Amino acid sequence: MKPWVYGLLLQVMSFSAFAQPQLMTSLQNSNLYSPMSILDKVTKLSPGIVSEFDTRLDGERLVYLVEVVDTKDKSHTEYIVNAESGAVLRVFKSKLQAKDMAEYRAANSLVAKEHDMQHFLKQAINNQPGRLIQAKLDNDLGINYLEFTILDGSKAHTQAFNIDRMQPIPLLTRD
(Lines give C-alpha, C1' and ligand atoms only; values in the text may rest on other atoms or scores of the structure.)
Protein backbone atom coordinates (compact mmCIF):
# COMPACT_ATOMS: atom_id res chain seq x y z
CA MET A 1 0.00 0.00 0.00
CA LYS A 2 1.26 3.48 -0.81
CA PRO A 3 2.38 5.46 2.28
CA TRP A 4 -0.04 8.31 1.69
CA VAL A 5 -2.98 5.88 1.36
CA TYR A 6 -2.04 4.14 4.62
CA GLY A 7 -1.59 7.51 6.35
CA LEU A 8 -4.98 8.69 5.15
CA LEU A 9 -6.60 5.43 6.25
CA LEU A 10 -5.00 5.68 9.68
CA GLN A 11 -6.15 9.28 10.07
CA VAL A 12 -9.71 8.31 9.08
CA MET A 13 -9.62 5.42 11.57
CA SER A 14 -8.25 7.73 14.26
CA PHE A 15 -10.90 10.31 13.45
CA SER A 16 -13.58 7.65 13.81
CA ALA A 17 -12.47 7.20 17.43
CA PHE A 18 -13.21 10.87 18.05
CA ALA A 19 -16.47 10.71 16.12
CA GLN A 20 -17.77 8.07 18.52
CA PRO A 21 -18.29 9.62 21.94
CA GLN A 22 -19.05 6.15 23.31
CA LEU A 23 -15.54 5.00 22.42
CA MET A 24 -13.98 8.01 24.13
CA THR A 25 -16.10 7.40 27.23
CA SER A 26 -15.17 3.72 27.25
CA LEU A 27 -11.46 4.52 27.04
CA GLN A 28 -11.73 6.57 30.24
CA ASN A 29 -12.79 3.49 32.22
CA SER A 30 -10.06 2.75 34.76
CA ASN A 31 -10.97 -0.95 34.88
CA LEU A 32 -9.59 -1.67 31.41
CA TYR A 33 -6.75 -4.06 30.81
CA SER A 34 -3.74 -2.22 29.47
CA PRO A 35 -2.95 -2.80 25.80
CA MET A 36 0.50 -4.14 26.74
CA SER A 37 -0.95 -6.77 29.10
CA ILE A 38 -3.33 -7.92 26.34
CA LEU A 39 -0.46 -8.08 23.83
CA ASP A 40 1.51 -10.22 26.30
CA LYS A 41 -1.51 -12.49 26.87
CA VAL A 42 -2.19 -13.02 23.16
CA THR A 43 1.48 -13.74 22.47
CA LYS A 44 1.24 -16.72 24.82
CA LEU A 45 -1.81 -18.06 22.96
CA SER A 46 -0.33 -18.19 19.47
CA PRO A 47 3.09 -18.60 17.89
CA GLY A 48 4.37 -15.59 15.99
CA ILE A 49 4.71 -11.83 16.28
CA VAL A 50 1.95 -9.37 17.14
CA SER A 51 1.62 -7.33 13.96
CA GLU A 52 -1.42 -5.19 14.63
CA PHE A 53 -3.36 -3.78 17.57
CA ASP A 54 -6.54 -1.71 17.45
CA THR A 55 -9.12 -0.43 19.93
CA ARG A 56 -12.77 -0.63 18.86
CA LEU A 57 -16.34 -0.71 20.05
CA ASP A 58 -18.19 -3.99 19.54
CA GLY A 59 -21.76 -3.04 20.23
CA GLU A 60 -21.48 -1.27 23.58
CA ARG A 61 -18.32 -2.96 24.84
CA LEU A 62 -14.75 -1.91 24.23
CA VAL A 63 -12.61 -4.56 22.56
CA TYR A 64 -9.03 -4.90 21.45
CA LEU A 65 -8.28 -6.42 18.09
CA VAL A 66 -4.87 -8.13 18.04
CA GLU A 67 -3.38 -9.79 14.99
CA VAL A 68 -0.48 -12.24 15.24
CA VAL A 69 1.62 -13.20 12.19
CA ASP A 70 3.30 -16.61 12.25
CA THR A 71 6.31 -16.13 10.00
CA LYS A 72 7.05 -19.88 9.89
CA ASP A 73 3.77 -21.11 8.43
CA LYS A 74 2.79 -17.77 6.82
CA SER A 75 -0.51 -17.48 8.64
CA HIS A 76 -2.13 -14.89 10.83
CA THR A 77 -4.49 -15.19 13.75
CA GLU A 78 -6.82 -12.38 14.77
CA TYR A 79 -8.03 -12.16 18.36
CA ILE A 80 -10.87 -10.00 19.61
CA VAL A 81 -10.41 -9.45 23.35
CA ASN A 82 -12.79 -7.82 25.83
CA ALA A 83 -10.91 -4.79 27.18
CA GLU A 84 -12.61 -4.98 30.61
CA SER A 85 -12.40 -8.70 31.36
CA GLY A 86 -9.41 -9.67 29.23
CA ALA A 87 -11.42 -12.60 27.86
CA VAL A 88 -10.82 -13.71 24.28
CA LEU A 89 -14.17 -13.32 22.52
CA ARG A 90 -13.32 -14.55 19.01
CA VAL A 91 -10.40 -16.06 17.13
CA PHE A 92 -9.94 -16.11 13.35
CA LYS A 93 -7.03 -17.90 11.68
CA SER A 94 -6.12 -17.78 8.01
CA LYS A 95 -3.20 -18.00 5.61
CA LEU A 96 -1.45 -14.77 4.68
CA GLN A 97 -2.51 -13.26 1.38
CA ALA A 98 -0.66 -10.93 -0.99
CA LYS A 99 -2.08 -7.87 0.84
CA ASP A 100 -0.44 -9.11 4.07
CA MET A 101 3.12 -9.35 2.73
CA ALA A 102 4.24 -5.90 3.94
CA GLU A 103 3.16 -6.83 7.46
CA TYR A 104 4.93 -10.20 7.05
CA ARG A 105 8.22 -8.55 5.99
CA ALA A 106 8.13 -6.20 9.00
CA ALA A 107 7.35 -9.13 11.33
CA ASN A 108 10.30 -11.05 9.84
CA SER A 109 12.53 -8.08 10.60
CA LEU A 110 11.49 -8.20 14.27
CA VAL A 111 12.08 -11.98 14.37
CA ALA A 112 15.58 -11.47 12.91
CA LYS A 113 16.33 -8.96 15.68
CA GLU A 114 14.86 -11.33 18.29
CA HIS A 115 12.32 -8.70 19.36
CA ASP A 116 8.55 -8.60 19.57
CA MET A 117 6.08 -5.76 19.15
CA GLN A 118 5.71 -5.23 22.89
CA HIS A 119 9.47 -4.75 23.40
CA PHE A 120 9.63 -2.43 20.43
CA LEU A 121 6.56 -0.42 21.53
CA LYS A 122 8.09 0.09 24.97
CA GLN A 123 11.22 1.52 23.35
CA ALA A 124 9.30 3.68 20.87
CA ILE A 125 6.74 5.02 23.35
CA ASN A 126 9.34 5.66 26.06
CA ASN A 127 7.09 7.02 28.87
CA GLN A 128 4.92 9.23 26.65
CA PRO A 129 1.65 10.19 28.33
CA GLY A 130 -1.59 8.74 27.00
CA ARG A 131 -3.08 5.42 26.00
CA LEU A 132 -2.03 3.23 23.08
CA ILE A 133 -5.04 2.85 20.77
CA GLN A 134 -3.44 1.52 17.57
CA ALA A 135 -0.21 -0.10 16.43
CA LYS A 136 0.75 -1.77 13.18
CA LEU A 137 3.87 -3.29 11.65
CA ASP A 138 4.38 -2.34 8.03
CA ASN A 139 6.92 -2.26 5.22
CA ASP A 140 6.95 0.38 2.55
CA LEU A 141 9.69 1.52 0.18
CA GLY A 142 11.98 -1.09 1.75
CA ILE A 143 11.56 0.32 5.26
CA ASN A 144 10.25 -1.91 8.05
CA TYR A 145 8.45 0.20 10.59
CA LEU A 146 6.04 0.27 13.48
CA GLU A 147 3.33 2.93 13.31
CA PHE A 148 1.38 3.59 16.49
CA THR A 149 -1.18 6.04 17.82
CA ILE A 150 -1.38 7.27 21.39
CA LEU A 151 -4.46 9.06 22.65
CA ASP A 152 -3.66 11.75 25.19
CA GLY A 153 -6.83 13.40 26.41
CA SER A 154 -8.75 14.19 23.24
CA LYS A 155 -5.68 14.37 20.98
CA ALA A 156 -4.19 11.51 18.99
CA HIS A 157 -0.46 11.43 18.27
CA THR A 158 0.68 9.08 15.50
CA GLN A 159 4.33 8.15 15.25
CA ALA A 160 6.43 5.76 13.20
CA PHE A 161 9.57 3.96 14.29
CA ASN A 162 12.08 2.32 11.93
CA ILE A 163 12.53 -1.29 13.05
CA ASP A 164 15.89 -1.86 11.37
CA ARG A 165 17.55 1.38 12.50
CA MET A 166 15.79 1.55 15.88
CA GLN A 167 14.92 5.23 15.43
CA PRO A 168 11.85 7.44 14.85
CA ILE A 169 10.72 8.33 11.33
CA PRO A 170 9.86 12.04 11.67
CA LEU A 171 8.12 12.30 8.26
CA LEU A 172 5.41 9.87 9.40
CA THR A 173 4.81 11.58 12.75
CA ARG A 174 1.62 13.63 13.01
CA ASP A 175 -0.82 15.00 15.54
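The values are calculated or read from the model by the stated rules, or taken from the named source; none is laboratory data. Source: prediction; values computed, not measured. Heads up, the Cβs are rebuilt from the backbone with ideal geometry, glycines too, and the neighbour counts pull from every protein chain shown. For accessibility, only protein heavy atoms count, side chains too; no ligands or nucleic acids. Shrake-Rupley method; radii C 1.70, N 1.55, O 1.52, S 1.80 Å.
Of note:
- Multiplying the residue separation of VAL88 and LYS113 by 0.36 nm and subtracting their alpha-carbon distance yields 6.1 nm.
- Restriction of the GluC sites (Glu not before Pro) in region 28-79 to DSSP coil positions whose beta-carbon has at most 16 other beta-carbons within 10 angstrom yields GLU60.
- Here is the list for region 29-138: trypsin sites (Lys or Arg not before Pro) lying in DSSP coil, each with at most 12 other C-beta atoms within 10 angstrom of its C-beta, are LYS72.
- Positive end of the dipole of region 101-175 (Cβ unit charges, origin at the Cα centre): among SER154, GLN123, GLN134, the Cα lying farthest that way belongs to SER154.
- ³J(HN,Hα), Karplus 6.51/-1.76/1.60, whole Hz, each residue of region 133-148, x for Gly, Pro: 10, 8, 7, 8, 7, 8, 9, 8, 6, x, 9, 8, 8, 10, 10, 9
- Within the accessible area of region 25-155 (1.4 Å probe), percent carbon and sulfur: 48 percent
- Rel. contact order, % - alpha carbon contacts under 8 angstrom, at least six apart, region 99-154: 37 percent
- The residues of region 43-175 present an accessible area of 49 Å² per residue when probed at 1.4 Å with all protein chains retained.
- Note on LEU65 and LEU45: the model spin-label points, each 7 Å out from Cα along the C-beta direction, lie 1.5 nm apart.
- Linear extension gain, LYS122 paired with MET166, 0.36 nm per residue minus alpha-carbon span: 14.6 nm
- In this structure, the amide hydrogen of LEU89, modeled 1.01 Å from its nitrogen in the peptide plane, lies closer than 5 angstrom to those of ILE80, VAL81, ASN82, counting only residues at least 5 positions away or on a different chain.
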